[in-house]
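To start, the structure under review is shown below, and the notes come after it.
The values are calculated or read from the model by the stated rules, or taken from the named source; none is laboratory data. Owing to the predicted nature of the structure, the values given are computational and were not obtained by experimental measurement. With ideal geometry, Cβ positions are generated from the backbone for all residues, glycine too; neighbour counts draw on all protein chains shown.
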Amino acid sequence: MQLCACLPAGRNATNNKRANLQIANNMRIQYLIIILGISLIASGCVKQTAEVSNTDSEQPVVNSQESMTEENSKTIEQKSKNLEEVDTSDPSMDEASWQTYRNEDLGVEFKLPKDWEQRNQQISNRIEFKKGGINQPEGTELLDGAIFSINLMQSVTSLEEGVIKATEDILNDGDNFTKEELHFKQEDVSVGGESAAMLVYKGTYGSEVIDFVLTRTIILEHNEEVLNIYCFSSGANKEAYMQVINEIISTFKFIEN
């Protein structure tokens, strides 16, 4: 009788042990599933972060200086276009009202309108006159007006040498340009009774070629001295201003000291 009473108790203990083992196994499986899920999620986040990092690193590198120069050039060009829409000035061509300018140091004389302002008078080997149009903004680049200047080229002894030096300066102004980019051309002209070379080319601003200005450089030799005559005009009346400059040059003559 006692033996029969003990048998069910042993079986119950065995069954309980098996149940506990099953529960423990189930918990291990669930734990492994959770660990695996966390690993997959973490792996996906790392991959996404790496893709974002790679995308950022693949962005093109922009030269800030070139970007600023191009933006400034576009801004100046837009300002010029805005001036053209409202500019109604007409440079005077009445030479009877012009003044005569004479420079003993350079040995030259010419006529020009009275309202052209002389600049840099303290420099003995340079003459410069500027005309600002009615729409020229204060404190900015010359967007409406003209400049006429004469420089004595130092250490240059011939017309040919002067042309080479001036051409190099033009092509290297702000950046390295080609003659094709600047539509560069050379013409034979006569100034003050002397043979001269006129260099015609597009203006530049930094690394940009601009179309809203006109530029000319004339190289002239006289008595073993070489002069550089610079002509610049901009704005709605750039053609008219350049015509005034041409008239100024037509009155140019050398004086003997």
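Out of E104, E138, E109, report the one residue that is over 24 Å from V200 (Cβ atoms), among the acidic types (D, E) and free of Cβ contacts under 8 Å to residues at least 24 places away in the same chain.
Residue meeting the stated conditions: E138.
Can you find a residue that is within 26 Å of the chain's Cα centre (by Cα) and crowded, with 20+ Cβ neighbours inside 10 Å anywhere in the range 161-184?
yes
Is it fair to say L112 is under 19 Å from the mean Cα position of the chain (by Cα) and crowded, with 17+ Cβ neighbours inside 10 Å?
So L112 fails the test.
Please verify whether E256 is outside any helix (DSSP H, G or I), closer than 18 Å to E109 by Cα and modelled with pLDDT under 95, treating the condition exactly as stated.
Answer is yes for this residue.
Which of the residues spanning the range 194-231 are farther than 24 Å from E160 by Cβ and touching a Ser or Thr at 6+ places or on another chain (Cβ under 6 Å)?
Those that are farther than 24 Å from E160 by Cβ and touching a Ser or Thr at 6+ places or on another chain (Cβ under 6 Å): G203, Y205, G206, S207, E208, F212, V213, L214.
Just to be sure I understand, how many residues within the range 127-160 are surrounded by fewer than 19 Cβ atoms within 10 Å (Cβ to Cβ) and either on the phi > 0 side of the Ramachandran plot or not hydrophobic (A, V, I, L, M, F, W, C) (or both)?
The qualifying residues number 15.
Find the residue count for the range 176-219, including only residues that are under 27 Å from S158 (Cβ atoms) and in contact (Cβ under 8 Å) with a residue 60 or more places away in the chain.
Residues in the range 176-219 being under 27 Å from S158 (Cβ atoms) and in contact (Cβ under 8 Å) with a residue 60 or more places away in the chain: 5 in total.
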